[in-house]
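K.L.:
Take this structure first; my questions come after.
Each value in this text was obtained by applying a stated rule to the coordinates, not by laboratory testing. For clarity, every value in this text was computed on a predicted model and none was experimentally measured. Cβ sites come from the backbone with ideal geometry, for glycine too, and all protein chains shown count toward neighbours.
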């Protein structure tokens, strides 16, 4: 069993030895853990971390707040009793220990995409192994990065989180589109539609994806119904990956098939 399990795709979740981690004094302590875990490739100065979470405070006050948050974090995740420790703490630098016993959903997500990218195959769009890796990556994506997570008075952290959120969102949309192509080529129209529907968005190329989704439903057969009368696919709305209003009005969905569609 993994010592610390940290899930940041969707709502913040921390589990240690199979039990939810409780005892965080504030969201800033959670934010400190999330930031250190993701940016674990380098050490961070105390000054940097203090400014990240308390940008409007004076340097002495911000550093004092950081010491308190760090003490609470170590106590909450049981860092002092963990070998090797989860945090490498020095006089001026702090770093998350990538060699410690932990699991991070974003690291697992990246590893699955890397496995697909580095896999030797004739054609990526028809590779079963790659499709399995991509499907597992999609399953890790419970929602947008740090969904419904707010830190008061910290624009610097919010900007970092927003950039990471958009990056992860783009990655999962690309992954869903690749999966849709794979299932389409195999004639698995329901799976293809499920993947493609989750990738609907108002980004460039959305009209093309919408047209292809309509074509998939046509191949499955059924009577066309307008969007308002339909129950939306669960993955699509759960991740808030919504098309713009114009695409919604023009999109074709089928009542008879959608009644049994995965929610």
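K.L.:
Can you tell me the length gained on complete extension of the stretch residue 75 to residue 56, counting 0.36 nm per residue apart and subtracting the Cα distance?
P.N.:
Contour length minus Cα-Cα distance gives 4.2 nm.
K.L.:
Same structure, new question: What full-extension length gain, to one decimal in nm, is calculated for residue 15 and residue 166 as 0.36 nm per residue of separation minus the Cα-Cα distance?
P.N.:
That pair, residue 15 and residue 166, stretches by 51.8 nm at full extension.
K.L.:
Something else about it: How much length, in nm to one decimal, is gained on full extension between residue 48 and residue 108, taken as 0.36 nm per residue of separation minus their Cα-Cα distance?
P.N.:
Length gained between residue 48 and residue 108: 18.9 nm.
K.L.:
To check my understanding: the extent here is largest minus smallest coordinate of the Cα atoms along each principal axis. What are those three numbers for the range 11-63, in Å, largest first?
P.N.:
39, 26, 17
K.L.:
Here's something else I'd like to know. Using r as the Cβ-Cβ distance of residue 139 and residue 68, and R0 as 41 Å, what FRET efficiency do you calculate, to the nearest 0.05?
P.N.:
Calculated transfer efficiency: 0.65.
K.L.:
Quick check on the exposure proxy: order 103, 160 from fewest to most C-beta atoms within 10 angstrom.
P.N.:
If I rank by nearby Cβ atoms, fewest first, I get 103, 160.
K.L.:
Please work out the FRET efficiency for the pair residue 132 and residue 25, using the Cβ-Cβ distance as r and a Förster radius of 35 Å; give the result to the nearest 0.05.
P.N.:
Efficiency at R0 = 35 Å is approximately 0.25.
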